[in-house]
Amino acid sequence: MRGFLASSIGVTCAAALALPLTLPSTTARAATPGAKTAPTTKTAPSTKTAPSTKTAAPSTKAAPNAKTAPSAEGIPGSTQSLPLAPLAADRSAAPAEREQGLTRRDVRPFSLVGVVWDDPADELHGTVQVRTRATGTTTWSGWQGVETHNHEHAADPDTMERGSGRLRGSTAPLWVGDSDGVEIRVRAESDRRAGHAPALLPEGLRLELVDPGDEPPPRGGPAEVPRATAMSAEAAAASAVNADLAPLDAAVIPELTKRQTEADLIAARGGREVVGKVRPYIGPRPRITTRKGWGADERIRERDFAYTRTVKAAFVHHSASGNNYRCSEAGSVLRSIYRYHVRSSGWRDFGYNFAVDKCGNIYEGRAGGVAKPVLGAHTRGFNANSTGIAVLGTYSSANPPKAAVTAIARLTAWKLGLYGANPRGTTYLKSGGGNLFKKGRNVRLRVISGHRDGFATDCPGSRLYDKLGKARSSSARMQGR
């Protein structure tokens with residue numbers, strides 16, 4: 001399968017973009033904390049970027065009810081961006097800068113909500129509650145809370161992604177399912193301490209309503225060879241960086257046995273280990289649904305890929321988007337979060353390197369290659385030399401499914417094994433700056449850490465965090481340690 005491509009067009013694309021299985025000795029140009037990682041960061045020194053000219057960065061100022069045209073892959077999607085207004089239902093209502101929202105209204109269908117504001121440095125100290133009406137019915141949900149603190153899932157300070165001028169402050173996204181009516185209220189928290197003024201809301205609050213579009217058309221599986229002419233340049237680039245693992249335009253990267261994975265890694269290292277005598281510590285490669293498989297519209301992200309030196313640690317997150325989804329809807333959830341990260345929040349791409357649904361299915365996240373050290377925007381201060389894995393759902397009070405915890409173990413056993421990292425061990429990462437560790441400090445962290453280990457946050461939720469010990473031991477065992 002290595003190097004197998006569909007057509008002469010595919011071969012040309014792969015020659016320009018595909019890299020060998022990424023290892024610490026063959027990584028792309030490093031992006032360290034504090035480094036200026038431009039959206040035009042090149043891939044490996046021997047690798048060229050996408051075979052077409054750069055596109056303009058997507059605007060984050062989405063007009064109300066703006067509709068995005070279907071992509072070349074036929075997957076439509078849209079974002080409605082509605083400015084919030086002061087709420088003054090009665091005389092006791094708070095001042096406009098302390099309570100805003102929208103009363104019940106009809107809108108175009110959507111499935112995910114979030115709130116954004118102008119300055120990404122501002123924090124929303126207060127509560128956000130929404131209720132929605134299921135499409136085509138008169139049934140309204142109860143009030144649902146939206147996680148307000150999302151700034152810890154972001155690019156590191158002093159990077160080009162962080163300083164692009166396109167970022168907005170944002171809440172976590174909340175999946176609500178197919179809806180066509182919405183009501184929202186945002187209230188600043190009160191501070192009753194003597195001498196402390198009440199908190200005010202950030203400026204420019206807007207409600208983002210995201211329609212993920214339709215599911216990708218059925219495909220024949222990883223062995224299918226589609227016509228390369230049906231692919232956009234951006235889609236071809238996103239697929240070609242995985243060309244060592246699956247055919248161009250594949251919806252799935254197939255799983256391998258442990259022996260096959262070991263042989264693959266040894267071959268990538270030039271046969272320096274001898275099978276049967278010195279085996280690498282690596283788990284079997286799991287099945288991974290590609291960005292093509294879950295329907296990512298490659299046109300909306302930044303075109304080029306950003307890499308760091310290696311992968312020394314994995315940070316586990318929850319998406320805080322709620323648990324009210326079916327696993328068959330995971331692609332829609334991913335497309336919605338992706339659009340929210342890029343169009344609404346102003347990030348260069350999906351923030352996490354990987355996602356896992358509650359049935360244990362694993363998905364490619366940020367573009368650049370699942371085996372490569374892609375620079376994410378998942379753990380502010382520690383995105384360099386790490387990978388971020390988000391379990392879709394909220395696990396502060398709900399227990400994560402066993403399948404999801406097993407998937408974390410399987411994914412980390414393989415991904416960390418590519419870079420020689422021991423899932424039971426510890427490592428040192430240099431902080432890029434955050435609310436726990438000052439910029440430049442070398443911090444000792446577990447190789448599999450929770451988000452809260454690197455940043456003061458509830459993420460990945462107490463219940464999921466409590467399962468990381470089991471994930472570490474299972475991952476190490478899968479590596480053969």
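Between residue 269 and residue 326, how many nm apart are label points set 7 Å from Cα along the C-beta direction?
It works out to 4.5 nm between the two label points.
Taking 24 Å as the cut-off for C-alpha to C-alpha distance, list the pairs among 312/467; 402/438; 438/470 that go past it. List each step's numbers first, then the result.
Values: 312/467 20 Å; 402/438 36 Å; 438/470 30 Å.
Going by Cα-Cα distance, 402/438; 438/470 fall outside the 24 Å limit.
How large is ³J(HN,Hα) for each residue in the range 110-116, as worked out from phi by the Karplus curve 6.51 cos²θ - 1.76 cosθ + 1.60 (θ = phi - 60°), to whole Hz, x for Gly and Pro?
For the range 110-116, the Karplus-derived couplings read 8, 9, 9, 10, x, 10, 10 Hz, x marking Gly and Pro.
How far is it, in nm, from the label point at residue 88 to the one at residue 104 when both lie 7 Å from their Cα along the line to the Cβ?
2.3
Karplus couplings for the range 413-419 from phi (6.51 cos²θ - 1.76 cosθ + 1.60, θ = phi - 60°), rounded to Hz, Gly and Pro as x?
Coupling constants for the range 413-419: 4, 7, 5, 5, x, 4, 10 Hz.
Can you tell me which of 233-244, 106-117, 428-439, 283-294 comes out highest on packing, and rank the rest after it, using the mean Cβ neighbours within 10 Å?
Numbers: 233-244: 24.4, 106-117: 21.2, 428-439: 18.3, 283-294: 22.7.
Those peptides, ordered most packed to least, come out 233-244, 283-294, 106-117, 428-439.
Cross-link partners among aspartates and glutamates for residue 430, C-alpha distance below 19 Å, same-chain residues fewer than 8 apart left out?
152, 156, 158, 161, 453
Since every read-out is calculated from the coordinates, none of them should be taken as a lab result. Quick caveat, the model's predicted, so the values are computed rather than measured. Glycine also receives a Cβ, built like all others from the backbone with ideal geometry; neighbour counts cover every protein chain displayed.
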